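Student: One structure, as C-alpha cells, below. Some questions next.
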C-alpha cells in the first residue's frame, strides 16, 4: 500500500532562532513564521556584531494520505 505525505497549510508553522555565539543563549522566541524569526536574528547581529551563528528550529504539520 502506497502513501503520500504533504504539509498541512492550516496546521500552522512554528519557527525559532537561537544565538549560539559564545553560548549566549538569546532566542527569537516562538514565531508564527520563519521570516519573523530571521528578522530577529538580523537585528540581534546588528546589535552584537560578533554574534553571527544561529540554530534554526522550524516545525510544521503534515498529513499522510493513502494513494489510490
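Student: Do you know the relative contact order of the chain, to the nearest whole percent, from alpha carbon pairs under 8 angstrom that are 6+ apart?
Tutor: 50
Student: Also, quick follow-up: Could you work out how much longer the chain between residue 66 and residue 2 gets when fully extended? Use 0.36 nm per residue separation minus the Cα distance between them, nm to one decimal.
Tutor: Result: 22.4 nm gained on full extension.
Student: Give me the one-decimal nm value for the distance between modelled label points at residue 39 and residue 21, 7 Å along each residue's Cα-to-Cβ direction.
Tutor: Reported label-point gap for residue 39 and residue 21 is 2.1 nm.
Student: What's log10 of I(q)/I(0) for the stretch 3-66 at q = 0.12, 0.18 Å⁻¹, Debye sum over Cα points only, no solvent?
Tutor: Result of the Debye calculation: -0.38, -0.65.
Taken together, the values in this text are just the output of simple stated rules run on the coordinates, not laboratory data. All values derive from a computational prediction rather than experimental measurement. All Cβ positions, glycine included, derive from the backbone under ideal geometry; neighbour counts span all protein chains shown.
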